[in-house]
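The values are calculated or read from the model by the stated rules, or taken from the named source; none is laboratory data. Just so it is clear, the model here is predicted, and its values are computed rather than measured. These area figures cover heavy atoms from the full protein model, side chains too; ligands, DNA and RNA do not enter into them. Shrake-Rupley method; radii C 1.70, N 1.55, O 1.52, S 1.80 Å.
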Amino acid sequence: QIKTIEQERRAFIKDTDDLRQNLYTKELALRSELAKTDADAQKAAAIQKDISKLEAELDQKRLDHIVKMKEVNPEAGRGFMMGGRGRGGMMGYGPGAGRGSGGGYCWD
């Protein structure tokens, strides 16, 4: 089970790498636009809309991954599934390239 879970985790990271990179790039673009003294509200709104779409896609992939992991081991994910995102936007999986750190609570 451990080997299967590790393989699935690696596949998830690889599968979502471009998505996470695009999300990071859009977040930087939004920060950059908002940092301007003459920030364009329409441009910022369009970037935020793109960010929201990317986040929704990543959230769906994360959900699919968690369901797969629970098929391998029903106890997989206990303690982090109700918490926030970890680094890289992956619930409960340590470091990764992506969006900041998020805490969350352990409900276990």
How much of D18 can a 1.4 Å solvent probe reach, expressed as accessible area in Å² and rounded to 10?
-> 110
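Taking 0.36 nm per residue of sequence separation and subtracting the Cα-Cα distance, how much length would be gained by fully extending the chain between A39 and Q60, in nm to one decimal? Intermediate results must be reported in sequence, preceding the final value.
On the way: separation 21, 0.36 × 21 = 7.56 nm, distance 3.16 nm.
Extending this stretch completely gives an extra 4.4 nm.
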Among the lysines, which fall within straight-line cross-link reach of K43, defined as a Cα-Cα distance under 23 Å, with same-chain neighbours fewer than 8 residues apart omitted?
-> K26, K53
Full extension from T4 to K70: what is 0.36 nm times the residue separation minus their Cα-Cα distance, to one decimal in nm?
-> 22.6 nm
